[in-house]
Amino acid sequence: MSHSGTPAPVEGLYIQHQSWLRDWLRRKTGCPFDAADLTHDTYLKVLVREDDTRSLREPRAYLTTIAHGLMVNLFRRRDIERAYLDSLASLEEAAAPSPERRALALEALIEIDRLLDGLPPKVRKAFLLAQLEGLRHAEIAGRMQVSVSSVRQYLARAMQHCLAAW
């Protein structure tokens with residue numbers, strides 16, 4: 001509450017739209033627990049942004065834009081985790097990492113995904129071909145059907161992006 005006794009802008013937004021947003025997220029995710037978590041995270045993001053919510057013309061569009069981004073991130077994290085756990089399942093038990101190492105590796109994979117998500121598709125593809133498959137510039141150029149100089153530019157841009165993020 002503000003000093004005047006009227007709800008603060010974010011509080012008013014919460015009071016008016018929280019249950020609607022939670023229901024919308026429940027329909028999208030199929031899970032009431034995910035919906036509750038994402039609703040919470042959406043309002044947390046609104047608070048952190050410090051936008052003036054009093055002047056919003058379409059508060060539900062504003063909230064769904066934030067919530068949708070958070071939901072996409074949740075699904076991406078789960079996809080990464082599922083792929084990682086699938087790859088671990090093929091290992092012999094003696095070679096499997098400890099739970100602590102698994103958690104650290106998963107955290108690193110999610111961070112790498114977040115970092116690479118900021119790159120244009122061609123730059124990301126060239127970077128992954130170089131880093132994961134160990135392809136040389138000419139091989140990448142052939143696979144992507146671009147020039148070797150384009151590959152060099154893509155890789156330089158990817159490295160700059162990665163260094164800037166650290």
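Looking at the chain, the accessible area is 69 square angstrom per residue; that uses a 1.4 Å probe and ignores ligands, DNA and RNA. Straight Cα distances below 18 angstrom link LYS125 to the aspartates and glutamates GLU111, ASP113, ASP117, GLU133, GLU139, with same-chain residues fewer than 8 positions distant left out. Taking ASP34, ASP113, ASP52 as the candidate residues, the one with maximal mean-square fluctuation in a Gaussian network model of the chain, Cα springs under 10 Å, is ASP52.
For the chain, what is the mean residue ellipticity at 222 nm derived from helices alone (per DSSP H run of n ≥ 4: -39500 (n - 2.57); sum divided by total residues; nearest 500 deg cm²/dmol)?
On the way: 7 runs with 127 residues, N = 166.
Calculated mean residue ellipticity at 222 nm is -26000 deg cm²/dmol.
Convex hull volume of the C-alpha atoms in the range 39-146, normalised per residue: 159 Å³. Placing unit charges on the Cβ atoms of the charged side chains and taking the dipole of the chain about its Cα centre, the candidate lying farthest along the positive direction among LEU128, HIS17, TYR84 is LEU128.
Could you give the dipole magnitude of the chain about its Cα centre, charging the beta-carbon of Lys and Arg +1 and that of Asp and Glu -1, in debye to the nearest 20? Walk me through the numbers before you get to the answer.
Working: 23 positive and 21 negative charges, 135 e Å.
Dipole of the chain, to the nearest 20 debye: 640 debye.
For PHE33, the accessible surface of its heavy atoms amounts to roughly 150 Å² (probe 1.4 Å, protein chains only, rounded to the nearest 10).
May I ask you to give the percent of accessible area on the chain that is carbon plus sulfur, with a probe radius of 1.4 Å? Let's see the in-between values first.
Details: 6210 of 11460 Å².
Heavy-atom surface of the chain belonging to carbon and sulfur, 1.4 Å probe: 54 percent.
With θ taken as phi - 60° and the Karplus curve 6.51 cos²θ - 1.76 cosθ + 1.60 applied, the whole-hertz 3J(HN,Hα) list for the range 44-56 is 4, 5, 4, 5, 5, 5, 6, 5, 7, 6, 5, 9, 5 Hz, x standing for glycine and proline. Taking a straight line from the alpha carbon of LYS28, these lysines sit under 23 Å away, with near neighbours fewer than eight places off in the same chain left out: LYS45.
Across all Cα atoms of the range 1-84, the radius of gyration (one decimal) and Dmax (whole number) stand at 14.2, 53 Å. Accessible-area rank, largest first, for ILE15, ILE66, ILE80: ILE15, ILE80, ILE66, with all protein chains present and a 1.4 angstrom probe.
The values are calculated or read from the model by the stated rules, or taken from the named source; none is laboratory data. Treat the numbers as computed from the prediction; the structure is a model and nothing was measured. Using ideal geometry, Cβ is built from the backbone for each residue, glycine included, and neighbour counts are taken over all protein chains shown. Side chains included, ligands, DNA and RNA excluded: accessible areas come from the protein's heavy atoms. Shrake-Rupley method; radii C 1.70, N 1.55, O 1.52, S 1.80 Å.
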